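Peer 1: Attaching a single structure in structure tokens format; questions to follow.
The values are calculated or read from the model by the stated rules, or taken from the named source; none is laboratory data. Since the model is a prediction, treat every value here as computed from it, not as a measurement. Positions of Cβ are backbone-derived with ideal geometry, glycine not excepted, and every protein chain shown enters the neighbour counts. Side chains included, ligands, DNA and RNA excluded: accessible areas come from the protein's heavy atoms. Shrake-Rupley method; radii C 1.70, N 1.55, O 1.52, S 1.80 Å.
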Amino acid sequence: MSSSSEQNRTLGDQLHQGFSVGQRIQLYLHNHPTAAPFLVLIIAVAVFSTLVGDRFFHPFNLSLVLQQVTIIGVIGIAQTLIILTAGIDLSVGAIMVLTSVVMGRSAIDYGFSAPVALLAGLSVGAICGLINGLLVSRIKLPPFIATLGTWNIFFALNLWYSNSQTIRSQVIDQQAPLLQWLGNTIEFFGARIAYSSIFMLLLFVIIWYALNWTAWGRHVYATGDDPDAARLAGIRTRKILLSVYVLAGVICGLAAWVLIGRIGSVSPQAGFTANLDSITAVVIGGTSLFGGRGSIFGTLIGALIVGVFRNGLALLGVDVLWQEFTVGILIIVAVSIDQWIRRVAS
């Protein structure tokens, strides 16, 4: 099996073999999956700063954009890992909300300390990820079908376990303030930077390191690119898939902690759009839905693109309906570009 780095070198060599400008761009984007979304982000910032004026570049507004994409960003990390293996996880939002309820009830109803409550939630997230991983890697169910089923299961368990009741922020603040800790902010030159935003960025760095500088990360890419070739090369693809889904479940648990800090309370109805939002960030960020190609930082860029568009349109007074319309167009364009780029490898 040829590694992705060898493929990139081969494609890079082809740039000097008389290809047209369009083919050179296609090859460049294939080798640098974050280039296109980064360019889109720069253009979006330039356009909205021109249309909105100084309000857009105000430090408080920029920090607000970062806060607004924090939950999408963390969930997007979990989704990126799954999509890199040529899968998709429709249950990430349900896992996040279920683990947030476990954290809240463990601390408030059962009297556990906040650190123990956090560990309980992360453990539940890992178990949910393990269930998804077993369905995909052992029973061989298509990821879409497996996680569609578990999405319904986890969502139903969430409503049953929570009794559809919200744990109010005042109660959490009195009994388990650590659950809200990531919602705290620091002042920095007019900006209000939330701890959750710093936490998200650190998590991106950690997962980036794991994907690019460890054998496990290389095996994740290889499994998503060509699982048969990966198996022939000695990679235990089923074990890799299982580890990816379990890690994704744990990251969903961390997103639950971010969610509690963001809204202050524990609500079984929160994060309803997290599943689609995470896929949106990953796709717009340049990660291929067919697996094996993409960058974890592309997901961060994708989340920021969505945040910039929604913020800029809101400052222009555009209705929420048309904000979502614009995001839908971004998704279609991103997938179309991915299809175009993939032709270079065929």
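Peer 1: Within the range 91-122, track down each residue that is farther than 18 Å from Val171 by Cβ and free of Cβ contacts under 8 Å to residues at least 12 places away in the same chain.
Peer 2: Within the range 91-122, Leu119 is the sole residue that qualifies.
Peer 1: Follow-up question, since we're still on this one. Applying the selection to the range 258-274, what residues are open to solvent by less than 20 Å² (accessible area, probe 1.4 Å) and assigned to a helix (DSSP H, G or I)?
Peer 2: Once the filter is applied, which keeps residues that are open to solvent by less than 20 Å² (accessible area, probe 1.4 Å) and assigned to a helix (DSSP H, G or I), the range 258-274 yields Val258, Leu259, Ile260, Gly261, Ala274.
Peer 1: Same structure again: Looking at Thr299, Thr287 in this structure, which one is open to solvent by less than 50 Å² (accessible area, probe 1.4 Å) and at pLDDT below 90? Steps first, please.
Peer 2: Numbers: Thr299 fails: at pLDDT below 90.
After ruling out the rest, the residue left standing is Thr287.
Peer 1: So which of Tyr221, Tyr161 ends up being in contact with a Gly (Cβ under 8 Å, 6 or more places away or on another chain) and either touching a residue at least 12 places away in the same chain (Cβ under 8 Å) or surrounded by 14 or more Cβ atoms within 10 Å (Cβ to Cβ) (or both)?
Peer 2: Values: Tyr161 fails: in contact with a Gly (Cβ under 8 Å, 6 or more places away or on another chain).
The unique qualifying residue is Tyr221.
Peer 1: Looking only at the range 102-126, count how many residues are surrounded by 15 or more Cβ atoms within 10 Å (Cβ to Cβ) and within 18 Å of Leu157 (Cβ to Cβ).
Peer 2: Going through the range 102-126 one residue at a time, the tally reaches 13.
Peer 1: Continuing with the same structure: Mind listing just one residue for me: the one in the range 189-218 that is in contact with a Ser or Thr (Cβ under 8 Å, 6 or more places away or on another chain) and not in a helix (DSSP H, G or I) and, of those, surrounded by the most Cβ atoms within 10 Å (Cβ to Cβ)?
Peer 2: Looking at the filtered set, the residue picked out is Ala194.
Peer 1: Still on this structure, please answer the following. State all residues of the range 275-306 that are among the hydrophobic types (A, V, I, L, M, F, W, C) and within 9 Å of the chain's Cα centre (by Cα); if no residue qualifies, say none.
Peer 2: Ile279, Ala281, Val282, Ile296, Leu300, Ala303
Peer 1: Six or more apart or on different chains, Cβ under 9 Å: which pairs go from a residue in the range 131-155 that's open to solvent by 60 Å² or more (accessible area, probe 1.4 Å) to one that's in a helix (DSSP H, G or I) and charged (D, E, K, R)? Could you list them?
Peer 2: Arg138/Arg238
Peer 1: All but one of (1) open to solvent by 10 Å² or more (accessible area, probe 1.4 Å); (2) out of contact with any Cys (no Cβ under 8 Å at 6 or more places or on another chain) hold for Leu98, so report the exception by its number.
Peer 2: Every listed condition holds for Leu98 apart from (2).
Peer 1: Further, regarding this structure: Against the condition hydrophobic (A, V, I, L, M, F, W, C), open to solvent by less than 10 Å² (accessible area, probe 1.4 Å) and either touching a residue at least 12 places away in the same chain (Cβ under 8 Å) or over 17 Å from Gly133 (Cα atoms) (or both), how does Val250 come out, does it pass? Before you say what the answer is, go through the steps one by one.
Peer 2: Values: hydrophobic (A, V, I, L, M, F, W, C): yes; open to solvent by less than 10 Å² (accessible area, probe 1.4 Å): no; either touching a residue at least 12 places away in the same chain (Cβ under 8 Å) or over 17 Å from Gly133 (Cα atoms) (or both): yes.
No; evaluated as a whole, the condition is false for this residue.
Peer 1: Is it the case, given these coordinates, that Ala255 is open to solvent by less than 20 Å² (accessible area, probe 1.4 Å), assigned to a helix (DSSP H, G or I) and at pLDDT below 95? Steps first, please.
Peer 2: Working: open to solvent by less than 20 Å² (accessible area, probe 1.4 Å): yes; assigned to a helix (DSSP H, G or I): yes; at pLDDT below 95: no.
No.
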